[in-house]
1. Given 135, 162, 116, 144, which one is within 24 Å of residue 91 (Cβ to Cβ) and either touching a residue at least 60 places away in the same chain (Cβ under 8 Å) or within 20 Å of the chain's Cα centre (by Cα) (or both)?
2. When you scan the stretch 116-133, how many residues do you find that are touching a Leu at 6+ places or on another chain (Cβ under 9 Å) and under 14 Å from residue 225 (Cβ atoms)?
3. Which ones in the stretch 100-123 are among the charged types (D, E, K, R) and either touching a Cys at 6+ places or on another chain (Cβ under 9 Å) or at pLDDT 95 or above (or both)?
4. Within the stretch 238-252, does at least one residue satisfy the condition of being more than 17 Å from residue 115 (Cβ to Cβ), at pLDDT below 95, touching a Ser or Thr at 6+ places or on another chain (Cβ under 7 Å) and not charged (D, E, K, R)?
5. Counting residues that are among the aromatic types (Phe, Trp, Tyr) and either crowded, with 22+ Cβ neighbours inside 10 Å or touching a Gly at 6+ places or on another chain (Cβ under 8 Å) (or both), which helices (runs of 4 or more DSSP H) fully inside the stretch 84-153 reach at least 1?
6. Sort through 189, 206, 220, 140 and tell me the only one that's in contact with a Ser or Thr (Cβ under 8 Å, 6 or more places away or on another chain) and of a type in the set (D, E, K, R).
7. Just checking, how many residues over the stretch 154-187 are crowded, with 17+ Cβ neighbours inside 10 Å and outside any helix (DSSP H, G or I)?
Amino acid sequence: MDWRKKKEGGVIGAPEVVVVRSRQPKYRYEPRQTLTNLASLRLLIFGDKLVKESRLPKNMLEGIEHEIDRAGHFGQRLEELVYNAAKDGKVVYRTKNDDLLISYWSLVFDYSKGIVCLLANKFHSPAFALMRPLVEAVTREHIVLVGSDDDVKKIRSDRFKVNYYKDGAKIDKVLGSGTLFEGFLKDSREMLHSLTHSGTAQLQNRWDGDALGSGFSDDRILALLTTCSISVFMTTILVTRHFGLDEQRQAAEAAFLELGPPVAAMPARTP
């Protein structure tokens, strides 16, 4: 089954309205999230191997639609690794909190598929609004394994709140990633909150020139796609390691290498 389900009659999209105005509105908020730190997380995992061993398609820079499609297929590929293992009876609960772990695994993939489908249909604002729930689902999933008993108890009673200043350090300790995830959460907190709660991070992207609709740049869309790909990869590695699915973990790592670095990190073709 293809990752996207096309609506009968063609793909739907958000209409744009031309508005005559003297100047573009100014907003105070400027998001600090960049593609660079997302790329750093990807490069950290494999280092130079990522660039040297990636089997990049020749049509790598065909456009943002191509990247949306690649992200969708990558997510489906990783989801099927664990899904098929579960069908074969290889996912067996080992701890009392495994129900939470596998629930977050499912939720991360649903959020990611939702974002990709929204982007494919050019509904950019709701796609970006899902960025915070996606990041928090990945964070909570790791806290289930590395957090305290009190943390897990709060998750079960719906009283847990992601600490953007402390929880990243716990994940970095597991990943061996220095302060990378800690820095990502700290730097992204205000942006994620603004995107989800209809703040100025959304409003400043409602204009594309004089058209009222969606003004999210390709770089920002690409950063969101990168967030999706990294999120599904992290949850796949976490789950396959926990349940001892070495074959599936190796397949996920190979797929991640094949996906390659973000397009923005690649040199653009000259005409």
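The values are calculated or read from the model by the stated rules, or taken from the named source; none is laboratory data. Nothing here was measured: the structure is a model prediction, and the numbers come from that model. Glycine gets a Cβ as well: all are built from the backbone with ideal geometry, and neighbour counts include every protein chain shown.
1. Working: 135 fails: within 24 Å of residue 91 (Cβ to Cβ); 162 fails: within 24 Å of residue 91 (Cβ to Cβ); 116 fails: within 24 Å of residue 91 (Cβ to Cβ).
Being within 24 Å of residue 91 (Cβ to Cβ) and either touching a residue at least 60 places away in the same chain (Cβ under 8 Å) or within 20 Å of the chain's Cα centre (by Cα) (or both) holds for just one of 135, 162, 116, 144, which is 144.
2. Residues of the stretch 116-133 that are touching a Leu at 6+ places or on another chain (Cβ under 9 Å), as a first pass: 116, 118-119, 124-133.
Next cut, under 14 Å from residue 225 (Cβ atoms) only: 116, 118-119, 124, 127-128, 130-131.
Qualifying residue count, the stretch 116-133: 8.
3. Taking the stretch 100-123 as the starting set, the residues that turn out to be among the charged types (D, E, K, R) are 110, 113, 122.
Matches in the stretch 100-123: 110, 113.
4. For the stretch 238-252, residues more than 17 Å from residue 115 (Cβ to Cβ), at pLDDT below 95, touching a Ser or Thr at 6+ places or on another chain (Cβ under 7 Å) and not charged (D, E, K, R): absent.
5. On the way: elements: 98-120, 124-129, 131-146.
Of the helices (runs of 4 or more DSSP H) lying wholly inside the stretch 84-153, those with at least 1 residues that are among the aromatic types (Phe, Trp, Tyr) and either crowded, with 22+ Cβ neighbours inside 10 Å or touching a Gly at 6+ places or on another chain (Cβ under 8 Å) (or both) span 98-120, 124-129.
6. Numbers: 189 fails: in contact with a Ser or Thr (Cβ under 8 Å, 6 or more places away or on another chain); 220 fails: in contact with a Ser or Thr (Cβ under 8 Å, 6 or more places away or on another chain); 140 fails: in contact with a Ser or Thr (Cβ under 8 Å, 6 or more places away or on another chain).
The conditions single out 206.
7. Residues meeting the conditions: 4.
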